[in-house]
Amino acid sequence: MHRPFSFAQVSAIEEKNTILSPSPNSVENTKTADSARSAELINTIRKKTAGRAQKYIADICLVGGSTRVSSKLYQSALETARVNGDTLWIAGSMEGLCSSQFLMEVCLLLFAGCCLL
């Protein structure tokens with residue numbers, strides 16, 4: 001036979017249901033906060049994408065032998081990555097910048113008639 005709930009049990013069940021089922025106002029506030037976070041995330045992704053594209057183009061220029069252009073593009077990508085806090089691409093841009101600077105120095109030494117050994 002089913003026993004009726006006590007007052008304490010009913011209160012606990014009602015409190016549990018209140019906690020688990022959000023009010024309509026809190027749902028709307030959550031949606032507004034989520035949309036604001038989404039807009040901020042999209043804006044950050046767009047900014048990061050621009051810097052990453054610059055680094056990618058600089059990589060292609062470096063492979064193609066255009067060290068001066070790649071050096072300028074790496075510097076631009078490095079500045080953009082620093083502003084956006086994109087640490088992995090900061091490191092990649094620094095690596096590319098070092099490579100392009102090194103290749104420019106090697107080319108200057110070779111064309112000047114100097115020996116590397």
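Side notes on the structure shown:
- Taken over segment 38-73, the residue count meeting the criterion of being within 13 Å of GLY96 (Cα to Cα) and in contact (Cβ under 8 Å) with a residue 40 or more places away in the chain is 4.
Yes/no per residue for (1) within 29 Å of LEU108 (Cβ to Cβ); (2) surrounded by fewer than 16 Cβ atoms within 10 Å (Cβ to Cβ); (3) basic (Lys, Arg):
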position: THR49; (1), (2), (3): no, yes, no
position: SER66; (1), (2), (3): yes, yes, no
position: VAL83; (1), (2), (3): no, yes, no
position: SER93; (1), (2), (3): yes, no, no
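- Residues that are assigned to a helix (DSSP H, G or I) and touching a residue at least 24 places away in the same chain (Cβ under 8 Å), drawn from segment 80-93: THR80, ALA81, VAL83, ASN84, TRP89, GLY92, SER93
- From the options SER71, SER76, residue that is small (Gly, Ala, Ser), surrounded by 11 or more Cβ atoms within 10 Å (Cβ to Cβ) and more than 20 Å from LYS48 (Cβ to Cβ): SER71
Quick grid of which residues meet (1) of a type outside the set (Lys, Arg); (2) modelled with pLDDT under 95; (3) in contact with an Asp or Glu (Cβ under 8 Å, 6 or more places away or on another chain):
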| site | (1), (2), (3) |
| --- | --- |
| THR44 | yes, yes, no |
| GLY51 | yes, yes, yes |
| ILE60 | yes, no, no |
| SER66 | yes, yes, no |
| SER70 | yes, no, yes |
| LEU73 | yes, no, no |
| GLY85 | yes, yes, no |
| SER93 | yes, no, no |
| CYS98 | yes, no, no |
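The values are calculated or read from the model by the stated rules, or taken from the named source; none is laboratory data. Note that the coordinates shown come from a computational prediction; the quantities given were computed from them, not determined experimentally. Cβ sites come from the backbone with ideal geometry, for glycine too, and all protein chains shown count toward neighbours.
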